[in-house]
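J.: Below you'll find the structure I mean.
Just so it is clear, none of the values below were taken in a lab; they were calculated from the coordinates. Model, not experiment: these values are computed from the prediction. Neighbour counts are summed over all protein chains in view; Cβ atoms, including those assigned to glycine, are modelled from backbone coordinates with ideal geometry.
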Amino acid sequence: MNALTRTFNQVDHLGSWTADLPLRLFLAWEFFESGLEKFNGSNWFADLQGSFPFPFNALPAELNWQLSMWAELLLPLLLLLGLGTRLASAGLMVLTVVAIAAVHWPAQWSSLAELAQGYAITDQGYGNFKLPLIYLVALLPLLLKGSGRMSLDHWLKARSR
């Protein structure tokens, strides 16, 4: 076994414990920060209530604000701990899809080329769905595979055996 193979074997072993951790830390920070902004800010959801997809468009703006704020405060803590990671990821994915539909998707577009202009961080009149799409892609492995070995999910599962 050569040095390169041994190195990759060590990286594989380390990855089996920690590969998901950077995703969990990054996403927990990003969503928690957004939740804190809502917690310390005022409700602006009434201005875009009609843009929310069903069933959220049928709920009062204040309830949507509270749901969004508490989801962005509590679900990231679960990600951080690796507790209920799949459920937390699914909840944050729903939150992100609603945010894309209500805030980040372009109001008007007539071609895929025009829609593609919305794949941006800042809104130049074509939407700005790049960052929330990145969040969705980053949440997907956590939804599909779970939190990995360095998590409360793993610890609880091992303990229950």
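J.: Regarding region 64-143, what's the average projected area of the Cα-atom convex hull, expressed in nm²?
T.: Reported value for the Cα convex hull: 5.6 nm².
J.: Rank the residues Arg24, Arg159 as a footprinting-exposure proxy: fewest other Cβ atoms within 10 Å of their Cβ go first.
T.: Lowest count first: Arg159, Arg24.
J.: Next question. If we count every other residue with Cβ under 15 angstrom of Phe26's Cβ, Lys/Arg +1 and Asp/Glu -1, where does the sum land?
T.: Residues near Phe26 contribute -3 overall.
J.: Based only on Cα atoms, what Rg/Rh ratio does the chain have, Rh being taken as Kirkwood's radius? Kindly include the intermediate steps, with their values, before the conclusion.
T.: Values: Rg = 18.9 Å, Rh = 17.5 Å.
Ratio of gyration radius to Kirkwood radius: 1.08.
J.: Which residues among region 121-158 fall inside the zone where the amide N is under 13 Å from a point 7 Å beyond the Cα of Ala19, along Cα→Cβ?
T.: Backbone N within reach: 141-142, 144-150.
J.: With unit charges on the beta carbons (Lys and Arg positive, Asp and Glu negative) and the dipole taken about the Cα centre of region 21-160, which residue among Ser147, Trp44, Ala28 sits farthest to the positive side?
T.: Ser147
J.: Do the sum for the chain: with -39,500 (n - 2.57) for every DSSP H run of n ≥ 4, divided by all residues, what is the mean residue ellipticity at 222 nm, to the nearest 500 deg cm²/dmol? Mind dumping the intermediate values first?
T.: On the way: 7 runs with 102 residues, N = 161.
When only DSSP H runs of four or more count, the value is -20500 deg cm²/dmol.
J.: So, with +1 on the Cβ of K and R and -1 on the Cβ of D and E, and no other charges, what is the size of the charge dipole of the chain about its Cα centre, to the nearest 20 debye?
T.: Dipole magnitude for the chain comes out near 880 debye.
J.: Could you list Ile121, Ile100, Ile134 in order of exposure, starting from the residue whose Cβ has the fewest other Cβ atoms within 10 Å?
T.: Working: Ile121 9, Ile100 20, Ile134 15.
Lowest count first: Ile121, Ile134, Ile100.
J.: How do Thr96, Thr18, Thr85 line up, fewest other C-beta atoms within 10 Å first?
T.: Fewest-to-most ranking of Thr96, Thr18, Thr85: Thr18, Thr96, Thr85.
J.: So if we plug the beta-carbon distance of Met93 and Gln117 into 1/(1 + (r/R0)^6) with R0 = 22 Å, what FRET efficiency do we get, rounded to 0.05? All intermediate terms of the calculation are to be shown ahead of the outcome.
T.: Values: r = 24 Å, r/R0 = 1.10.
About 0.35, to the nearest 0.05.
J.: Moving to a separate point now. Can you find, among Met1, Ile121, Gly84, the residue farthest towards the positive end of the dipole of region 1-122? Put +1 on the C-beta of Lys and Arg, -1 on that of Asp and Glu.
T.: Met1
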